[in-house]
Amino acid sequence: MQYHIQRDPLNYDGSQLQSLFTYKNFGLMGDSVLVFRGSCTVEQNEMVDMEDVVAQDWIHSEDMLHFIVEHFDMDLEKTIIRQRLLIATIKDELEKRGVFSLRRSGDDLYEEDKKLSVSIATLSPVSTLIHCGLNVSNHNTPIPTVGLTNLKIHDVFEFGESVAQHYCAEVLSMRLARCKVRGVS
């Protein structure tokens, strides 16, 4: 599994959550993590989370750190588990930097009632995909939020790369764990 840090700004509007996006745009073939920074505005027609569509919620942040993860298997339940692994990895990396005020609820991170993250897992015709966005700034968000700057995370790309490295290492470790055991009957 490989990752790419895109340092040039890239705004997220939901259309990036598609199979082979990272390969087409950044040359990463196979399971991958793309990390980038930019605004986030997802309108109803690009929403994947039908709960948000029914509630007529929309997502907006002026500045987010984004992760798009793609795995080439077709198991959505496994991808939801991986999504939660990604969120747990983010929380672990924040704790390594002294941030102990967050709680995980499902696939999101909160500080009290303020939301740090948005996250979704979905299925494409050839792969499964995860998008996770972390507020860098909490200015002009439609709900109460907290941002990485509020948490004193200033080198956002270094933080994102650390998350990507540790997520990739966890996935590799799980794959290797399958290879060291014998079957039982």
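The values are calculated or read from the model by the stated rules, or taken from the named source; none is laboratory data. It should be emphasised that the depicted structure is a prediction, and the values quoted were computed from it without experimental measurement. Using ideal geometry, Cβ is built from the backbone for each residue, glycine included, and neighbour counts are taken over all protein chains shown. Accessible surface areas use protein heavy atoms only, side chains included; no ligands, DNA or RNA. Shrake-Rupley method; radii C 1.70, N 1.55, O 1.52, S 1.80 Å.
Quick notes on this structure:
- Expressed as a whole percent, the accessible area of region 62-185 that falls on carbon and sulfur atoms is 53 (1.4 Å probe).
- Cα coordinate range in region 119-180, projected on the principal axes (Å, largest first): 48, 29, 16
- Formal net charge of residues neighbouring Pro144 (Cβ-Cβ distance under 11 Å; K, R +1; D, E -1): -1
- Relative to the longest principal axis of the Cα atoms of the chain, the long axis of helix 156-178 makes an angle of roughly 30 degrees.
- For the residues Lys115, Lys78, Lys24, Lys180, a 1.4 Å probe over the protein chains yields an accessible-area ranking, largest first, of Lys180, Lys24, Lys78, Lys115.
- Across Tyr23, Tyr110, the residue with the most accessible area heads the list, and the full order at a 1.4 Å probe is Tyr23, Tyr110.
- Region 55-185 - accessible surface per residue (Å², probe 1.4 Å): 51
- Backbone phi angles across region 76-83, fed through the Karplus curve with coefficients 6.51, -1.76 and 1.60 (θ = phi - 60°), yield HN-Hα couplings of 5, 4, 4, 5, 5, 5, 5, 4 Hz in residue order; Gly and Pro are listed as x.
- Contact order relative to length of the chain, as percent, for alpha carbon pairs under 8 angstrom and 6 or more apart: 23
- Our analysis of the chain gives Rg over Rh at 0.96, with the two radii drawn from alpha carbon positions and Rh computed by the Kirkwood formula.
- Accessible heavy-atom area order of Phe157, Phe26, Phe36, highest first, probe of 1.4 Å: Phe26, Phe157, Phe36
- Think of it as helices only: each DSSP H run of n ≥ 4 in the chain is worth -39500 (n - 2.57), and spread over all residues that comes to -9500 deg cm²/dmol at 222 nm.
- Computed from backbone phi, the HN-Hα couplings of region 18-34 come to 8, 4, 6, 4, 5, 5, 4, 9, 9, x, 8, 8, x, 4, 7, 10, 10 Hz, rounded to whole numbers (Karplus: 6.51 cos²θ - 1.76 cosθ + 1.60, θ = phi - 60°; Gly and Pro given as x).
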